[in-house]
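Undergrad: This is the structure I want to talk about, given as structure tokens.
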């Protein structure tokens, strides 16, 4: 006996909804599994005094974006355009101007 | 209630039969919609997880890092600065840091050479990061040589490899003894790369930073909160990479929805005209099309989101690796901790499912309220 199309679709959507719910369960489980790794990383960062992730190792201002001065991205010559791919992805460091009386950028 | 449910099931049966008559087109539409949701959800999950992990990992980085600038460029900390800083009230601890970059022409990679604050590395030995172990084929007790920038060759023995789970922060690290570091980079005695400070009262960090800027006008204090803010903005959906990817995906979605909303094909108009002519009410025609739009968009959303989760957290985001890697030789292998923002998921749902249903509904409403004879002749 052929099942109705709506029954097939309800079953399929139901399974997808279950998978969607399963995503959150899996996320909670993976978080617990990987919590140890994050603690290990955090402890190493604290011990060595690390300030940046080692995500972009192409250039010094992409390797340590939080420590970079605003000139290093244009270090090659005054009109140098950004030429490292990851330099186009990351934003300049977000440092507040502490001496509010001046307008110096860095 | 039972009658209402049965009525809806019959409408759904008819809707699915209607979709099956244009199988290729509708399967293509489902595939494109799923792909769009997949891209949007992947970017959203990846960026949120990276932000979350960066905040967790860097929460114990130095409270203040003091750099010296000469003509706007980073320069070495000369002798005397540590003593000057030590006299500031509120500063609990100061530590001169030694670190720098080295370009290895053998593999064309950049390394970060560093002296651990607590020492513990014997002269002539180094501790390397996992990515170095992988790229240079290194292991404990291997030897390796680096040519310094003045042409001199220095040889070291690998004492240890840093643990793999720490690769996100340690991929390119080379930890060495202070004397070896100074000899390799010809660093003058008493000079440091920068200074890490800890402050007794966390609420006084900004005050201490202001005092530092006043006492040492050529210095630049970088606060921990600024480091965390840098990473928060780097992976914010409103900026940089995330905005570029999201904009492209959202534009594609807008084109899809606009194409749907701009009008019906002749075949679809004829179908609606026939339904009205055989006695379907306007409300039933609209409900049928709502079911069509709703089922398609809901299926695409669920499928796209689940696929995005699996791609990012179970397969370690292979689609983003080429984008993030760029020209880097060393790239960390890491497994992100899932961090799902319910608000972002809900936003994604409401901005994909409902606009598509609205885009389907607009042209249908116009055709459904028109005289069947006029619709069929159009």
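The values are calculated or read from the model by the stated rules, or taken from the named source; none is laboratory data. None of these values were measured; they are calculated from a predicted model. Reconstructed Cβ throughout: ideal geometry from the backbone, glycine too, with neighbour counts over all protein chains shown.
Undergrad: Given the options A:103, A:73, A:59, name the one that is modelled with pLDDT under 70 and more than 22 Å from residue B:64 (Cβ to Cβ).
TA: Every option except A:103 fails the conditions.
Undergrad: Let me ask you something else. What pairs can you find where one residue is in the range A:43-56 and more than 7 Å from every other protein chain (Cβ to nearest Cβ), the other is in a loop (DSSP other than H, G, I, E, B), and their Cβ atoms are less than 6 Å apart, with a gap of 6+ or different chains?
TA: A:52/A:64; A:52/A:66
Undergrad: Condition first: under 20 Å from the mean Cα position of the chain (by Cα), at pLDDT below 80, more than 10 Å from every other protein chain (Cβ to nearest Cβ) and under 29 Å from residue B:30 (Cα atoms). Can you find one or more residues in the range B:215-237 that meet it?
TA: Yes.
Undergrad: Among the listed residues B:50, B:16, B:56, B:45, which satisfies the condition of being outside any loop (DSSP other than H, G, I, E, B) and over 23 Å from residue A:42 (Cβ atoms)?
TA: That would be B:16, the only listed residue that is outside any loop (DSSP other than H, G, I, E, B) and over 23 Å from residue A:42 (Cβ atoms).
Undergrad: So which residues in the range B:319-331 are surrounded by fewer than 22 Cβ atoms within 10 Å (Cβ to Cβ) and either in contact with a strand residue (DSSP E or B) (Cβ under 6 Å, 6 or more places away or on another chain) or farther than 21 Å from residue B:109 by Cβ (or both), if there are any at all?
TA: Result: B:319, B:329.
Undergrad: Somewhere in the range B:339-352, is a residue under 30 Å from residue B:288 (Cβ atoms), buried (at least 22 other Cβ atoms within 10 Å of the Cβ) and either in the same structural domain as residue B:272 (by TED's automatic domain parsing) or at pLDDT 90 or above (or both)?
TA: yes
Undergrad: Also, I was wondering about something else. Could you tell me which of the residues B:30, B:56 is within 9 Å of chain A (Cβ to nearest Cβ), surrounded by 15 or more Cβ atoms within 10 Å (Cβ to Cβ) and within 41 Å of the chain's Cα centre (by Cα)?
TA: B:56
Undergrad: In the range A:35-54, which residues are surrounded by fewer than 17 Cβ atoms within 10 Å (Cβ to Cβ) and within 18 Å of the chain's Cα centre (by Cα)?
TA: Listed by number, the residues that qualify are A:35, A:39.
Undergrad: Does the range B:186-198 contain any residue that is within 13 Å of chain A (Cβ to nearest Cβ), surrounded by fewer than 19 Cβ atoms within 10 Å (Cβ to Cβ) and closer than 22 Å to residue B:82 by Cα? Before the answer, list the steps.
TA: Residues of the range B:186-198 that are within 13 Å of chain A (Cβ to nearest Cβ), as a first pass: B:192-198.
Those left that are additionally surrounded by fewer than 19 Cβ atoms within 10 Å (Cβ to Cβ): B:198.
If we keep only those that are closer than 22 Å to residue B:82 by Cα as well, we get B:198.
Yes, there is a match, as at least one residue in the range B:186-198 is within 13 Å of chain A (Cβ to nearest Cβ), surrounded by fewer than 19 Cβ atoms within 10 Å (Cβ to Cβ) and closer than 22 Å to residue B:82 by Cα.
Undergrad: Additional query: Among (1) more than 12 Å from every other protein chain (Cβ to nearest Cβ); (2) surrounded by fewer than 20 Cβ atoms within 10 Å (Cβ to Cβ), there is one condition residue B:40 misses while meeting the rest; what is its number?
TA: All conditions are met except number (2).
A quick yes/no check of all residues on (1) within 11 Å of another protein chain (Cβ to nearest Cβ); (2) surrounded by 15 or more Cβ atoms within 10 Å (Cβ to Cβ); (3) more than 23 Å from residue A:71 (Cβ to Cβ); (4) over 28 Å from the mean Cα position of the chain (by Cα):
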{"position": "B:60", "(1), (2), (3), (4)": "yes, yes, yes, no"}
{"position": "B:69", "(1), (2), (3), (4)": "yes, yes, no, yes"}
{"position": "B:82", "(1), (2), (3), (4)": "no, yes, yes, yes"}
{"position": "B:87", "(1), (2), (3), (4)": "no, no, yes, yes"}
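Undergrad: Also, quick follow-up: Let me confirm something: among B:278, B:312, which residue is surrounded by fewer than 22 Cβ atoms within 10 Å (Cβ to Cβ) and either away from chain A (no Cβ under 13 Å) or in contact with a helix residue (DSSP H, G or I) (Cβ under 7 Å, 6 or more places away or on another chain) (or both)?
TA: Result: B:278 is the single residue among B:278, B:312 that is surrounded by fewer than 22 Cβ atoms within 10 Å (Cβ to Cβ) and either away from chain A (no Cβ under 13 Å) or in contact with a helix residue (DSSP H, G or I) (Cβ under 7 Å, 6 or more places away or on another chain) (or both).
Undergrad: Follow-up. If I ask for residues that are surrounded by fewer than 18 Cβ atoms within 10 Å (Cβ to Cβ) and either assigned by TED's automatic domain parsing to the domain that holds residue B:332 or assigned to a loop (DSSP other than H, G, I, E, B) (or both), which ones from the range B:89-122 would you list?
TA: Matches in the range B:89-122: B:89, B:90, B:105, B:106, B:107, B:108, B:117, B:118, B:119, B:120, B:122.
Undergrad: Quick check on the range A:5-28: of everything there that is farther than 14 Å from residue B:300 by Cα and at the interface with another protein chain (Cβ under 7 Å from one of its Cβ atoms), which residue is surrounded by the fewest Cβ atoms within 10 Å (Cβ to Cβ)?
TA: Result: A:24.
Undergrad: Moving to a separate point now. Taking residue B:57 as the residue in question, decide whether it is closer than 30 Å to residue B:90 by Cα and touching a helix residue (DSSP H, G or I) at 6+ places or on another chain (Cβ under 6 Å).
TA: yes
Undergrad: Now, a different point. Could you say which residue among B:58, B:66 is within 21 Å of residue B:166 (Cβ to Cβ) and at pLDDT 90 or above?
TA: Working: B:66 fails: within 21 Å of residue B:166 (Cβ to Cβ).
Result: B:58 is the single residue among B:58, B:66 that is within 21 Å of residue B:166 (Cβ to Cβ) and at pLDDT 90 or above.
Undergrad: Counting only residues that are under 21 Å from the mean Cα position of the chain (by Cα), farther than 15 Å from residue B:222 by Cα and more than 7 Å from chain B (Cβ to nearest Cβ), how many does the range A:62-82 have?
TA: 3
Undergrad: Residue B:73 is checked against (1) more than 8 Å from chain A (Cβ to nearest Cβ); (2) out of contact with any helix residue (DSSP H, G or I) (no Cβ under 7 Å at 6 or more places or on another chain); (3) free of Cβ contacts under 8 Å to residues at least 60 places away in the same chain and fails just one. What number does that condition carry?
TA: (1)
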